[in-house]
Amino acid sequence: MIKQKNKLELINKIIIAICLILLIMEFVSQRHGETKIEDFIFFPALFGFLSFALIVLIGKKLRSFLMRKDDYYD
């Protein structure tokens with residue numbers, strides 16, 4: 001049976017390999033976006049990160065607005 005540490009190392013190596021393959025494909029392949037901005041290099045990664053950050057910030061504001069006190073059900 002493979003130890004837990006070895007499994008995590010294997011998973012990390014697989015993730016790094018996938019990232020490297022996607023990085024190489026970014027320079028080799030050609031994208032055909034519907035708008036000009038979609039053709040910029042690393043646009044999908046930047047757009048995804050900015051969308052994620054915006055969702056987190058909106059979630060923080062919603063939490064303060066929607067959150068109940070700890071003794072709400074008492």
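Could you list, ordered by first residue, the pairs with Cβ atoms under 9 Å in which the first is in the range 37-66 and within 30 Å of M25 (Cα to Cα) and the second is part of a loop (DSSP other than H, G, I, E, B) and of a type outside the set (K, R), at least 6 apart or interchain? Here the result reads E38/H32; D39/Q30; D39/H32; D39/G33; F40/G33; F43/G33; L46/F40, each pair linking the range 37-66 to a residue that is part of a loop (DSSP other than H, G, I, E, B) and of a type outside the set (K, R). Looking across the range 1-33 at every residue that is open to solvent by less than 100 Å² (accessible area, probe 1.4 Å) and not in a helix (DSSP H, G or I), the one that is modelled with the lowest pLDDT is identified as R31.
Among the numbered conditions (1) charged (D, E, K, R); (2) touching a helix residue (DSSP H, G or I) at 6+ places or on another chain (Cβ under 9 Å); (3) at pLDDT 90 or above, the only one that E38 does not meet is (3).
Residue-level check: of (1) open to solvent by less than 90 Å² (accessible area, probe 1.4 Å); (2) of a type in the set (A, V, I, L, M, F, W, C); (3) part of a helix (DSSP H, G or I), F49 misses just (1).
The values are calculated or read from the model by the stated rules, or taken from the named source; none is laboratory data. No experiment lies behind these values; they were computed from the predicted model shown. Counting neighbours? That spans all protein chains shown, and the Cβs are built from the backbone with ideal geometry, glycine included. Each accessible area value is taken on the protein alone, full model and side chains, heavy atoms only, with ligands, DNA and RNA left out. Shrake-Rupley method; radii C 1.70, N 1.55, O 1.52, S 1.80 Å.
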